[in-house]
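Here the structure comes first, spelled out in structure tokens, and everything after it is commentary.
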Amino acid sequence: MHLSLSPEQKQIKDMVSEFVDEEVVPRASEIDHEDEFPRDLVDELADLGLMGMPFPEEYGGAGLDYHSYPMALEEIARGSGGLGTIVAAHISLAGNMVYAFGDEAQKEEYLTPLAEGEDIGAFALSEPGAGSDVPAMETTAEKDGDGYLVNGNKLWISNGSVADTVTLFAKTDPDAGNKGISSFVVRPEEDDGFIVEGTEDKVGDKGCPTAELRFDDMWIPEDRLLGEEGRGFVHALKTLNGGRITIAARSVGIAQAALDAALEYSQDREQFDQPISNFQSIQHKLADMDTKTRAARLLMHDAADKKIRGENFIKEAAQAKLYASEVSREVANEGIQIHGGYGYTKDFPVERYYRDAKLNEIYEGTSEVLRNTIAEQLFH
């Protein structure tokens, strides 16, 4: 693994960083306050080729490696945690499902508009009674002629209310446990019975609509099945494993934003006739914040490197996501502390970083589940 950026990687990082500073950062507070899907920013990301970063150019993607993609996502999340989730759910979950498990016809029909940013993707796995316990899902897809009849509910679906393409998991054999789960492509505008029940009023991650979905006798043709029946659980695990690298990236981006804000504030804020950055207690906080952020970034790239090489990266992805998510909360918390009373107001962005950071410890594998995963890999 090379720790220095190639000229192409540096160019991508600089380009995304410039876009974020000019277009996203000035809008971040508004996005957080209004909690509306920032369609215009997503369209601009698509124009820059950033809505299909890791996918081959033949499918409308940018063909970026798995170092460049997380680096770019880190920059996007540095500007807005909600926008970071929009992109991660669209690419790492929905897009990767079609790319990894779809046939050629499905890739051409569904992946290309996703990669080009014409369509928005969502990944419908979780349910009210089936979060970490995926096999407990109750949504069913019953064979019906030359298609499937889908009934059930999904909850906490990022992009769920704005998606054009949804990768859906449902039980085709309810008695077969995790081997009875299959995955499908759903088109909300085309498929009668696809119902958005509403969106969640979340603590953070604003701008990314998190929806509750219902399927009421929704019929979909059999050519929407991804791969073979009964492989959906495996599809979900493999997709989430790769997705954890990008949640680590979102975490690092938020941590970096909190560090940058605290560093700047500490040099501007004066107490006892001097900047508070002169005090050793503040310096130590900033030193720890920077060290943890850097360590999290390196874990992210280590997992990405193993993915690129085609090696098993289950443990590394879990470690990167676990550590980076906890670091993002810790660094954001210290950012508030350095700001003092101002940090507890919405006049400064550090409180938003804290709210956005907390989600990293919950979605795409809770910290508790990830520790189980890491332990299991240690015993293999």
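Taking each residue of segment 1-16 that is on the phi > 0 side of the Ramachandran plot and of a type in the set (Phe, Trp, Tyr) and looking for partners that are open to solvent by 70 Å² or more (accessible area, probe 1.4 Å) and modelled with pLDDT under 90 with beta-carbon atoms closer than 8 Å, six or more apart or interchain, yields nothing. Every condition in (1) farther than 30 Å from GLY121 by Cα; (2) touching a helix residue (DSSP H, G or I) at 6+ places or on another chain (Cβ under 6 Å); (3) among the aromatic types (Phe, Trp, Tyr) is met by PHE233 except one, and the failing one is (1).
Kindly provide the set of residues from segment 15-46 that are acidic (Asp, Glu), part of a helix (DSSP H, G or I) and within 25 Å of PHE348 (Cβ to Cβ), ordered by number.
Correct list: GLU18, ASP21, GLU22, GLU23, GLU30, ASP32, GLU34.
Looking at GLU364, GLU316, GLU376, just one residue is closer than 23 Å to LYS202 by Cβ and either of a type outside the set (Lys, Arg) or open to solvent by less than 60 Å² (accessible area, probe 1.4 Å) (or both), and that residue is GLU364.
Only residues that are of a type in the set (Ser, Thr, Tyr) and more than 22 Å from TYR354 (Cβ to Cβ) were counted across segment 25-81, and they come to 4. Within segment 281-303, the presence of a residue that is of a type outside the set (Val, Ile, Thr) and not in a helix (DSSP H, G or I) is excluded.
Is it the case that some residue within segment 99-110 is farther than 12 Å from ARG224 by Cα, of a type outside the set (Gly, Ala, Ser) and under 18 Å from the mean Cα position of the chain (by Cα)?
Yes.
Counting only helices (runs of 4 or more DSSP H) that sit completely within segment 55-118, those holding 1 or more residues that are open to solvent by 10 Å² or more (accessible area, probe 1.4 Å) and either in contact (Cβ under 8 Å) with a residue 24 or more places away in the chain or touching a Leu at 6+ places or on another chain (Cβ under 9 Å) (or both) correspond to 68-79, 96-101, 112-115. Mind checking which residues of segment 319-343 are open to solvent by less than 20 Å² (accessible area, probe 1.4 Å) and without any contact (Cβ under 8 Å) to a residue 40 or more places away in the chain? The one that is open to solvent by less than 20 Å² (accessible area, probe 1.4 Å) and without any contact (Cβ under 8 Å) to a residue 40 or more places away in the chain: GLY343. Only residues that are open to solvent by less than 20 Å² (accessible area, probe 1.4 Å) and either free of Cβ contacts under 8 Å to residues at least 24 places away in the same chain or in a helix (DSSP H, G or I) (or both) were counted across segment 350-361, and they come to 3. When each of GLU264, GLU228 is tested for being in a loop (DSSP other than H, G, I, E, B) and of a type outside the set (A, V, I, L, M, F, W, C), the lone residue that passes is GLU228. Counting the residues of segment 279-313 that are open to solvent by less than 30 Å² (accessible area, probe 1.4 Å) and under 23 Å from ASP268 (Cβ atoms) gives 4. Taking each residue of segment 270-281 that is over 17 Å from GLY335 (Cβ atoms) and among the aliphatic types (A, V, I, L, M) and looking for partners that are assigned to a helix (DSSP H, G or I) and open to solvent by less than 70 Å² (accessible area, probe 1.4 Å) with beta-carbon atoms closer than 9 Å, six or more apart or interchain, yields nothing.
The values are calculated or read from the model by the stated rules, or taken from the named source; none is laboratory data. Keep in mind the model is a prediction, meaning the values are calculated, not measured. We place every Cβ from the backbone using ideal geometry, glycine too, and count neighbours over all the protein chains shown. Surface accessibility is based on the protein's heavy atoms, side chains included, excluding ligands, DNA and RNA. Shrake-Rupley method; radii C 1.70, N 1.55, O 1.52, S 1.80 Å.
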